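The values are calculated or read from the model by the stated rules, or taken from the named source; none is laboratory data. Just so it is clear, the model here is predicted, and its values are computed rather than measured. Backbone-built Cβ (ideal geometry, glycine too); neighbour counts: all protein chains shown. Each accessible area value is taken on the protein alone, full model and side chains, heavy atoms only, with ligands, DNA and RNA left out. Shrake-Rupley method; radii C 1.70, N 1.55, O 1.52, S 1.80 Å.
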Amino acid sequence: MSIPIQAIYETTGAHYGLHLLTGENGLTKEFTWVQLCEDIGNASFFRGNELVITTGLSSNHANWLQDFIKELIRHRACGLIIYIGKYIQEKDITPDIIAFCQEQHFPLFSLPWQVHLADIMQDYCERLLRARQKEMDLERLLRSLLLPCSRPEKSEKYLQELRERGLEEMPFSLFVFPLRAAHLTDEQQQSIRLAWKRRLNHLSRRYSLFFYKKQLILILAKPQEIQSGLLQELKTELPKGALPAASGESRVHADWQELPVSYAEACAAAAAAGFQQKSHLCFDELGIYRLFFTVSDRKLLQTMRNEQLFPLQEYDKAHHTHLLDTLRAYLFHGNSLQQTAALTFTHRNTVNYRMNKIRELTGSDFTDAIVCFHYILAFYLDDYLRLHDAPDETT
């Protein structure tokens with residue numbers, strides 16, 4: 001797993017005499033390991049996202065440090081700690097180096113020579129391992145909570161773990177990003193996590209990010225309105241083959257026992273966004289569809305739809321007509337023949353003929369507001385059921 005550079009600086013900086021020289025905009029980067037490196041040539045062995053420590057033992061020319069930093073950045077290291085006092089002096093860290101690191105958002109630290117290298121290396125590696133275990137435990141807990149628990153004693157155990165983490169009374173929203181890719185390698189998942197974490201760390205709010213059923217799940221505590229620009233930035237960090245067509249967001253929930261509900265809401269919002277060809281929707285934006293997602297008796301919804309629409313569906317199939325489309329346009333635009341004609345690209349007289357045929361087949365009076373409501377509801381149900389029956393790419 002990883003730790004934000006800012007967190008390690010805030011918790012250990014005073015103890016070790018660590019001093020940030022430049023690159024403060026890069027403090028939200030997360031490092032996955034601590035690496036001692038003295039030779040520029042060894043940078044080729046890096047895997048990326050290392051926090052590097054150097055004494056400058058191999059410095060042998062005037063531009064050594066600048067060349068060293070450029071090579072670290074090229075190999076995606078996320079920061080550098082320089083021992084000051086023996087091989088490298090403060091004067092060796094020139095204004096050009098400071099400016100370059102600032103421009104690259106590359107955190108550069110100085111460390112007194114008196115600090116034992118073994119102490120800081122061991123400390124940071126142990127913190128990384130503890131962070132890894134803590135994050136894995138939290139992911140396990142949240143995955144378990146995503147599905148309703150039928151055993152009260154197990155549910156209470158989960159809630160106790162949330163209390164211990166200070167999350168139980170913290171409001172949250174859940175975001176679902178369905179991934180198109182059939183499979184992401186561990187390396188791809190790690191790369192996505194680190195890129196997303198860097199952006200999310202700017203929010204200064206607790207969050208959890210993990211993969212679940214071919215989805216990327218983001219649970220954001222103490223949520224406020226998130227700008228759509230941030231969601232788009234997060235999506236751009238995904239591989240092109242995995243980009244979701246749409247994402248979904250739950251309502252704000254105060255009780256973490258409602259995680260299964262929030263997950264269902266976010267999935268519903270993502271499905272509705274895809275159906276409506278939108279990039280993102282919140283469950284609160286689904287309008288009347290919210291009622292349908294709370295109904296477990298799907299056959300009842302089908303019956304309510306078919307009672308109104310089935311005769312017209314059958315007639316359209318048998319005669320290759322467009323009565324359903326005409327009725328929908330008519331009802332959703334104030335029973336206006338003129339607007340319906342414009343929307344369906346037909347003559348007003350044709351619309352009038354179709355409406356007469358619809359009245360004949362259904363025996364319905366569309367001057368009655370209650371009759372119109374029942375048909376409008378049936379059309380909403382038809383949309384929902386088609387959305388519900390769409391192929392699920394997340395399982």
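The figures follow:
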{"quantity": "Unit charges at the beta carbon, dipole of the chain: most positive-side option, LEU331, SER250, ILE40", "calculated": "LEU331"}
{"quantity": "Label-to-label distance, nm, for residues given as THR294 and ALA118 (7 Å Cα→Cβ offset)", "calculated": "6.4"}
{"quantity": "Sulfur and carbon atoms: percent of accessible area, the chain [1.4 Å]", "calculated": "51"}
{"quantity": "Inverse mean reciprocal Cα-Cα distance (Kirkwood Rh) of the range 250-389, Å", "calculated": "16.8"}
{"quantity": "Directionally averaged projected area (convex hull, Cα atoms, the range 1-141), nm²", "calculated": "8.3"}
{"quantity": "Summed side-chain charge close to TYR83 - residues other than TYR83 whose Cβ falls under 13 Å, Lys, Arg +1, Asp, Glu -1", "calculated": "-3"}
{"quantity": "Net length gained if the chain between HIS322 and TYR212 were fully extended (0.36 nm per residue, minus Cα distance)", "calculated": "35.4 nm"}
{"quantity": "Point-charge dipole on Cβ atoms (K/R +1, D/E -1) for the chain, about Cα centre, debye to 20", "calculated": "660"}
{"quantity": "Per residue accessible area in Å² of the range 45-92, where ligands, DNA and RNA are left out and the probe is 1.4 Å", "calculated": "50"}
{"quantity": "Positive-pole candidate from GLY287, HIS322, TYR263, dipole of the range 256-326, charges at beta carbon", "calculated": "HIS322"}
{"quantity": "Which label in [x] 4, 19, 25, 21, 16, 9, 4, 2, 1, 0; [y] 5, 23, 33, 26, 10, 2, 0; [z] 4, 18, 21, 18, 15, 10, 7, 5, 2, 0 gives the computed P(r) over Cα pairs in 10 Å bins from 0, in percent", "calculated": "[z]"}
{"quantity": "Accessible solvent surface per residue of the range 240-305, calculated while the other protein chains remain in place, 1.4 angstrom probe, Å²", "calculated": "51"}
{"quantity": "Structure-based [θ]222 nm, the chain - -39500 (n - 2.57) summed over DSSP H runs of at least 4, per residue, nearest 500", "calculated": "-16000 deg cm²/dmol"}
{"quantity": "Kirkwood estimate for the range 72-185, i.e. one over the average of 1/r between Cα atoms, Å", "calculated": "19.2"}
{"quantity": "Peptide ranges 95-107, 247-259, 358-370 listed from the most packed, as the mean C-beta count within 10 angstrom indicates", "calculated": "247-259, 95-107, 358-370"}
{"quantity": "For peptides 232-243, 280-291, sequence by mean Cβ density within 10 Å, most packed first", "calculated": "280-291, 232-243"}
{"quantity": "By average C-beta atoms within 10 angstrom, highest first, the peptides 57-63, 260-266, 202-208", "calculated": "260-266, 202-208, 57-63"}
